[in-house]
């Protein structure tokens, strides 16, 4: 596709959510292709941009010195024009007054960073926002799973979590360091889980919930360990961490490294008032047990994070996943608008092979 030709995107296609905005802005900068998005979140109860989407767009606009049309909450059409000089800053500090997911705010920057050049390191400092949130990757999941797989491919992103943040006030503090590619990105090939000897994890609990009579962390951890021991007979190393946070909350993630280089995970699991600690532990354990028993090397959450890298790298990539969600399908079709690369999905018993030939 020729540089300068604008790509028009119907923001209501497929799942029609905020991921369309995040991926499109990242690829717009990466390929130096202006975009126009209309019908933004048209099928949602509250159409148009919400605070989180607007903040994410402004962050990538400022970092890459691009141009964003006049936007506000509720805007249903926008244009994003990447800086043709491909300039980026060395440092960016952003204050966030809400509990917006920091994991989602970083997503367009992850994609755009594949094209960052002539820099040893770009540092992004974020004050405010949430390290844990519904329907979003927690930062410990990004740190322990996503970014480790990225690094194996050649993209190095590091996180320093200085303070955790939960809904509704957020209040997190983090530093994200991006080290631009020095060589070509390696293809991603994860089609076999292999052997799992240890399941690791973190249970993050804020001090407001640390009442000795409840022992929330201990109960969650014990429940996880019992379930995994019964179903997998695998050792566990699960840390229970008490943290300062403006708002109370419980968040956890389990992960496991295999001998094939795969890292499977539960993704992000949040505590809720209506869910007992023991049941929360069972939910987490059963999620990772599902991947192990079905020989799945890439969890559903990681697959969506890997699609941009798989489409960008020139050599063939293949991954095996448990299911093709509507979110995954939407991401695949959106990325195709920029890369012009066809993907292939093959059903295999209880799994799917997703590949870019």
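Considering only strands (runs of 3 or more DSSP E) fully contained in the stretch 202-314, which possess at least 1 residues that are touching a strand residue (DSSP E or B) at 6+ places or on another chain (Cβ under 9 Å) and over 24 Å from residue 147 (Cβ atoms)? I'd like the intermediate steps shown before the answer.
Working: elements: 235-243, 250-257, 263-265.
In the stretch 202-314, 235-243 are the strands (runs of 3 or more DSSP E) which contain 1 or more residues that are touching a strand residue (DSSP E or B) at 6+ places or on another chain (Cβ under 9 Å) and over 24 Å from residue 147 (Cβ atoms).
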Do we have any residue at all in the stretch 146-153 that's more than 30 Å from residue 311 (Cβ to Cβ), buried (at least 17 other Cβ atoms within 10 Å of the Cβ) and either modelled with pLDDT of 95 or more or not assigned by TED's automatic domain parsing to the domain that holds residue 123 (or both)?
-> no
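Just to check your reading of the model, which residue among 144, 192, 202 is in contact with a helix residue (DSSP H, G or I) (Cβ under 6 Å, 6 or more places away or on another chain), within 23 Å of residue 296 (Cα to Cα) and in contact (Cβ under 8 Å) with a residue 12 or more places away in the chain? Before you say what the answer is, go through the steps one by one.
Numbers: 144 fails: in contact with a helix residue (DSSP H, G or I) (Cβ under 6 Å, 6 or more places away or on another chain); 192 fails: in contact with a helix residue (DSSP H, G or I) (Cβ under 6 Å, 6 or more places away or on another chain).
So the residue among 144, 192, 202 that is in contact with a helix residue (DSSP H, G or I) (Cβ under 6 Å, 6 or more places away or on another chain), within 23 Å of residue 296 (Cα to Cα) and in contact (Cβ under 8 Å) with a residue 12 or more places away in the chain is 202.
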Say we look at the stretch 8-30 and pick out the residues that are surrounded by fewer than 18 Cβ atoms within 10 Å (Cβ to Cβ) and at pLDDT 95 or above; which of these is nearest to residue 332 (Cα to Cα)?
-> 10
Between a first residue in the stretch 242-255 that is in the same structural domain as residue 103 (by TED's automatic domain parsing) and at pLDDT 95 or above and a second residue that is surrounded by fewer than 19 Cβ atoms within 10 Å (Cβ to Cβ) and outside any strand (DSSP E or B), which pairs have beta carbons less than 7 Å apart while being 6 or more apart in sequence or on different chains?
-> none
What is the residue count in the stretch 59-75 for residues that are surrounded by fewer than 19 Cβ atoms within 10 Å (Cβ to Cβ) and either in contact with a strand residue (DSSP E or B) (Cβ under 7 Å, 6 or more places away or on another chain) or outside the structural domain of residue 29 (by TED's automatic domain parsing) (or both)?
-> 4
Would you confirm whether any residue within the stretch 109-119 is on the phi < 0 side of the Ramachandran plot and free of Cβ contacts under 8 Å to residues at least 12 places away in the same chain?
-> no
State the number of residues belonging to the stretch 184-194 that are touching a strand residue (DSSP E or B) at 6+ places or on another chain (Cβ under 6 Å) and either surrounded by fewer than 14 Cβ atoms within 10 Å (Cβ to Cβ) or at pLDDT below 95 (or both).
-> 1
Only residues that are crowded, with 19+ Cβ neighbours inside 10 Å, farther than 14 Å from residue 27 by Cα, more than 13 Å from the chain's Cα centre (by Cα) and touching a residue at least 60 places away in the same chain (Cβ under 8 Å): list them for the stretch 297-334, please.
-> 297, 298, 317, 319, 320, 330
Expected output for the stretch 43-60 (first residue at positive phi, partner crowded, with 20+ Cβ neighbours inside 10 Å and modelled with pLDDT of 95 or more, Cβ below 7 Å, 6+ apart or cross-chain) is 48/40
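Out of the residues in the stretch 170-183 that are in a loop (DSSP other than H, G, I, E, B) and modelled with pLDDT of 95 or more, state the one that is surrounded by the fewest Cβ atoms within 10 Å (Cβ to Cβ).
Initially, the stretch 170-183 is screened for residues in a loop (DSSP other than H, G, I, E, B), giving 171-172, 180-183.
With modelled with pLDDT of 95 or more added as a condition, the list becomes 171-172.
Working: 171: 20, 172: 26.
Looking at the filtered set, the residue picked out is 171.
The values are calculated or read from the model by the stated rules, or taken from the named source; none is laboratory data. Note that the structure is a prediction, hence the values are computed from the model and not measured. Ideal geometry is used to build each Cβ from the backbone, glycine not excepted, and the neighbour counts take in all protein chains shown.
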